[in-house]
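Rule-based calculations on the coordinates, nothing more; no lab input. In this text the structure is predicted, and so the values were computed from the model without any measurement. No Cβ is skipped: glycine too gets one built from the backbone with ideal geometry, and neighbour counts run over all protein chains shown.
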Amino acid sequence: MSVEGTIGPVPRGGTWAAVRHAVCGSRAARVCAGVIALFVAAALYGEAVYCWHRWRDQTPSYQRVHLDERYLPPSVLRRSRPTAESNTGTDQRPMGVRRLLYRPLGTDNLGRDVLQRLIQGARIAFLVGIITATIAIPIGTALGCLAGYFGGRVDDGIMWLNSTIAAIPGLLLVLAVAMVVGKGLTGVYLGIGLTTWVGLCRIVRAEVLKQREQGYVLAAKVLGYGSFRILFRHILPNVAHLALVTFSLRFPAAIGTEVFLSFLGIGAQGEPSWGVMLSNARLRLWQGAWWELTAVTLAIVLVVLAFNLLGDRLRDALDPRVS
Amino acid sequence: MTLSGRWMGLAIRPVHDGRRQGDETGRFAAAAILLPLMVLSASGHARAAERSLPAGVEQVYRAETSRIRGFDPVRVGDVTSIHAISKVYETLLQYAYLDRPYRVEPLLAEALPDVSPDGLEYLFRIRRGIFFQDDPCFAGGRGRELTADDFVYSIKRVADQKNASGGYWAFRGRIVGLDAFREASASVAPTDYDSPVEGLKATDRYCLRIRLTRPYSQLPFVLAMHYAAAVPREAVEYYGADFINHPVGTGPFILKSWRRNYRMEYVRNPKWRETGRQDAYPSSGEAADATFGLLADAGRPVPFIDRIVEYVISDGSTQWLMFLAGELDVSGVSPDNWDAVFTADGRLNEALAKRGVRVHAMPQLNTYYVGFNMDDPVVGGNRALRQALTCAFDAEQWVRFHRGRVVRAVGPIPPGVSGYDPAATGAFPFDLERARERLQEAGYPGGRDPSTGRRLELTLELGAADASTRETAELLGAFFDRIGVALRPSYNNRPAFFSKLEQRRAQMFLLNWVADYPDPQNFLQLFYSPNASPGPNRTNYRDPEYDRLYEAAETLPNGPERLELCRTMVRMVMEDCPWIFLHHPVSYGLSHRRISNYKPHDFPYGMIKYVRVDERPAPVPQGGLRGPDSGD
């Protein structure tokens with residue numbers, strides 16, 4: 001017999017029903033979900049392109065330099081030009097032919113396609129969002145559950161760690177972790193993942209404190225279940241929605257942090273992260289090359305806005321403190 | 001790694017890999033030459049005919065400066081301070097203003113020194129009738145005559161440990177007895193400047209004898225550095241610790257007022273007129289100098305300027321606006337105002353050209369290169385691979401990418417230094433077919449590494465991670481990609497980068513070298529094996545034959561024989577390819593119509609005395625041009 005199915009406060013499927021309602025309930029939320037779906041598709045496509053070139057052991061098309069095509073502005077239909085590369089045999093594009101959607105978002109300082117790099121940026125952004133959440137959410141949830149359920153010394157110890165980490169300015173800590181691990185995305189993953197679990201931990205602890213006094217927990221105790229079974233099989237499903245809300249809000253924050261770190265040159269190395277693109281494009285603005293900066297900024301704004309709006313809707317629907 | 005130039009007392013300073021590769025910056029600026037690139041607008045030479053200045057109009061030169069550390073030649077070594085010092089103090093020798101390649105000529109010496117046949121003894125005769133400026137430190141406040149003892153004293157000051165001089169590297173182990181004097185000066189007791197140094201002797205009032213421990217043909221360059229400037233002992237003793245704020249020199253200008261971090265003013269040294277001292281503008285130079293009107297003042301007494309006013313302006317846009325308003329006579333060209341100065345095709349903007357603004361471009365004595373670590377198992381032992389990568393470097397595209405702000409390098413020695421060969425094309429110019437052949441010979445057919453079956457992957461270490469460094473690395477990667485070799489950039493901060501070089505852990509690296517003095521030896525030492533890491537030979541290049549030639553050249557005096565040895569060494573390096581030679585940066589400067597006799601120089605210290613300002617009685621009301629410095 002499953003206890004949580006019968007005596008828990010949230011009925012089976014309740015969380016998912018609420019999620020569905022939050023996403024589909026309003027037009028704004030549907031638009032946000034659509035934007036996110038679009039970016040997910042772009043990121044998946046980007047990953048496919050990345051893996052394909054890796055497997056073929058080639059320089060990916062978004063990294064190829066065409067000095068003859070520097071600073072092409074965005075255009076729907078353009079005439080492609082002969083390039084120096086085409087003489088050397090690495091590029092076999094037909095010359096002088098009108099091409100639809102050829103470099104539609106223009107090219108950068110080294111003649112690389114902004115759209116392709118933007119898609120790779122989406123891939124990196126999503127990787128960062130997902131991996132950091134995968135690191136931070138289990139840590140925060142597990143520690144929060146332990147602290148809330150057991151209380152006493154366990155609680156003291158965990159909350160001490162929590163307060164200590166929370167007291168250190170977040171970005172500095174991320175920078176420090178990234179420096180220790182080394183430049184590159186691994187540093188970013190660990191830096192963000194290992195420092196952002198504190199908020200979730202605190203919320204989960206508070207919720208578990210509340211839940212452990214509930215009747216269904218008492219019932220489980222009466223039935224003689226062990227503490228860990230009660231905690232992770234009965235209480236955890238009832239606080240899991242907090243993780244979902246946190247994920248939707250942490251995700252855009254992590255993307256923002258990654259852009260920031262890459263902008264400073266600590267994040268992505270040799271890959272077109274949005275931060276790297278911003279940092280490059282910033283130097284070209286005075287030459288009138290506005291499109292790279294605009295495209296990246298719009299992409300960041302869109303994805304962060306969509307996640308935040310949707311996250312707010314989810315919180316309205318799921319967070320007991322709000323509802 | 002950025003670059004810069006320095007325009008006669010103002011402007012942009014590079015972070016470079018100077019001597020000891022960036023560990024000590026600012027000792028020597030390196031900058032450039034030369035006329036092929038020096039674009040002068042027509043208005044400049046037309047005026048050469050009417051040289052006479054309107055009587056009674058004070059000629060004022062206005063420039064920008066940065067905060068300076070002070071005027072003690074021995075204690076101070078940053079570029080801005082050297083500019084300030086060299087207006088007031090003078091050295092035995094100086095760089096000839098117009099001649100290229102650079103050479104030194106006598107300044108306070110009567111002539112170039114007599115050198116003994118073994119190259120160990122230098123005899124300088126000091127000019128008679130040179131006086132220090134009037135100052136309360138002298139008896140009666142009247143400046144006394146300069147003697148050979150002043151140089152003995154000044155060089156001892158460089159050696160005195162209590163002065164913690166940054167210039168001792170140039171003297172260490174060179175002059176007989178000077179190192180012992182330095183040892184003795186470490187004690188707490190006041191340094192005894194009367195204790196004799198065997199290699200440094202005033203044999204009479206106007207005769208200075210320097211004895212060396214071994215031949216040192218760069219000594220004349222060292223004696224042209226501000227560290228060796230003549231300082232009067234009276235001033236050092238009179239002002240004590242405050243000497244750094246009270247310059248007392250023999251130079252063309254004296255410091256009139258100094259409001260720290262705001263404004264400095266120099267005026268013509270009245271002692272020159274009083275004692276009848278006459279220094280003349282050079283009467284010979286490069287072939288093109290006459291065309292550009294640079295020889296119109298040949299033989300006339302210098303300085304031409306009566307007063308120099310310098311402002312400390314740290315904000316780039318303020319500097320630029322003040323230049324446009326005519327309140328500054330010269331300006332550098334930074335990336336920020338690049339498009340305000342030049343049109344898309346690299347010509348001077350029409351509005352500026354109409355106002356008679358002139359552009360001065362000069363390739364700097366600075367060589368950028370990609371170094372191969374010769375201790376690395378992949379690139380070190382494989383000469384054909386290095387040659388293949390050199391052949392794959394597309395110099396033309398590289399220059400285009402840098403928008404003409406660099407000139408391509410074909411060897412380690414930049415233009416302006418003897419040993420540079422303008423006709424050389426390099427042993428392995430850009431040629432993809434040849435690169436692929438070499439690569440096959442190197443054991444990587446089509447770029448495939450037989451041991452992995454994948455592309456050969458090489459790591460390029462970089463000392464910064466800013467956008468322009470990243471793009472530079474990506475462009476290099478694109479060049480190598482054409483022959484199927486993958487380049488993985490590894491971005492470091494500066495300390496991490498240099499520690500990798502020192503521990504010989506870098507496979508390939510991007511670096512530059514700024515000349516300390518315009519001598520080929522300064523570049524050729526970068527391949528001499530005893531200089532290997534942590535020394536300046538960062539590639540750890542080793543070749544006994546090269547070392548033999550280098551040692552032979554070190555003991556030879558400047559001349560055709562030494563030059564021939566240098567050329568041979570350059571050819572050896574080109575053939576062996578421990579470096580891919582990238583470029584020499586070009587720095588740009590602007591000057592207003594009223595400035596003439598301006599020629600960019602790599603060692604421009606003190607050269608302001610040759611520059612002329614044509615201040616007219618009624619200033620042309622043009623864009624807010626001010627009258628003779630009325631406003632301050």
Label point distance in nm, B:Val188-A:Leu172, each placed 7 Å from Cα along Cα→Cβ: 4.1
Projected label distance in nm at B:Glu110 and A:Arg99, using a 7 Å step from Cα toward the beta-carbon: 7.7
Fewest-first ranking of B:Phe480, B:Phe253, using other Cβ atoms within 10 Å as the exposure measure: B:Phe480, B:Phe253
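Any idea what the dipole of chain B comes to, in debye rounded to 20, about its Cα centre with Lys/Arg Cβ at +1 and Asp/Glu Cβ at -1?
800
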Pairwise centroid distance, computed over Cα atoms, of segment B:568-585 with segment B:225-271, Å: 43
Electrostatic dipole magnitude of segment A:206-304 [Cβ: Lys, Arg +1; Asp, Glu -1; Cα centre; debye, to 20]: 420
From phi via Karplus (6.51, -1.76, 1.60), per-residue ³J(HN,Hα) for segment B:377-388 in Hz, x at Gly/Pro: x, 7, 8, x, x, 10, 5, 4, 5, 5, 5, 4
Dipole of chain A, positive end: most advanced residue of A:Thr297, A:Val35, A:Ala176 [Cβ charges, Cα centre]: A:Val35
Max mean-square fluctuation residue, GNM over chain A, Cα-Cα springs under 10 Å, options A:Ala281, A:Ala133, A:Ala48: A:Ala48
Hits among aspartates and glutamates - C-alpha to C-alpha of A:Lys221 under 16 Å, sequence gap 8 or more where chains match: A:Glu4, A:Glu213
Three-way shape label, the protein assembly as shown, alpha-carbon gyration tensor, a/c 1.5: prolate
Sequence-distant residues sharing a close amide H with A:Arg99 (under 5 Å, placed H): A:Arg78, A:Arg79, A:Ser80
Residues A:Ile266, B:Ile308 arranged by fewest to most Cβ contacts within 10 Å: A:Ile266, B:Ile308
Pairwise label distance in nanometres, A:His21 with B:Arg548, each label 7 Å out on the Cα-Cβ vector: 9.2
Average beta-carbon neighbours from other chains, 10 Å sphere, peptide B:491-498: 2
Dipole-positive endmost among B:Ser331, B:Gly240, B:Leu385 within chain B (Cβ charges, Cα centre): B:Ser331
Relative contact order for chain B, counting Cα pairs under 8 Å that sit 6 or more residues apart, in percent: 22
Positive-end extreme of charge dipole, segment B:93-239 - chosen from B:Phe181, B:Tyr216, B:Gly143 (charges on Cβ): B:Tyr216
Peptide A:262-275 - average C-beta neighbours from other chains (10 Å radius): 2
For B:Phe342, residues with placed amide H under 5 Å, excluding near neighbours: B:Asn349
Tensor-based shape of segment B:93-239 (alpha-carbon gyration tensor, a/c under 1.5 rounded, otherwise prolate or oblate): oblate
Charge dipole magnitude, Cβ of K and R +1, D and E -1 - chain A, Cα centre, debye nearest 20: 560
Unsatisfied cross-links (Cα-Cα over 32 Å) in the set B:Lys271/B:Lys354; B:Lys156/B:Lys500; B:Lys201/B:Lys271; B:Lys162/B:Lys256; A:Lys183/B:Lys162: B:Lys271/B:Lys354; B:Lys156/B:Lys500; A:Lys183/B:Lys162
Global form of chain A, assessed from the alpha-carbon gyration tensor, a/c cut-off 1.5: prolate
Packing-based exposure ordering (other Cβ within 10 Å, fewest first) of A:Val208, A:Val177: A:Val177, A:Val208
Within-11-Å neighbourhood charge of A:Leu310 [Cβ basis; K, R +1; D, E -1]: +1
Relative contact order computed over segment B:93-239 (Cα-Cα under 8 Å; 6+ residues apart), in percent: 28
Whole-angstrom Cα spans of chain B along principal axes, big to small: 85, 62, 42
Max mean-square fluctuation residue, GNM over chain A, Cα-Cα springs under 10 Å, options A:Ile255, A:Ile235, A:Ile192: A:Ile235
Between segment B:87-136 and segment B:393-420, the alpha-carbon center distance in angstrom: 33
Using θ = phi - 60° and Karplus 6.51 cos²θ - 1.76 cosθ + 1.60, couplings along segment B:519-532 (whole Hz; Gly, Pro as x): 10, x, 4, 5, 8, 6, 5, 6, 10, 7, 5, x, 8, 4
Number of partner chain Cβ atoms within 10 Å, mean per residue of B:473-485: 4
Theoretical FRET efficiency, 1/(1+(r/R0)^6), r = Cβ-Cβ of A:Arg153 and B:Cys207, R0 51 Å, to 0.05: 0.05
Mean Cα-pair separation over length for chain A, i.e. relative contact order, pairs under 8 Å, 6 or more apart, %: 23
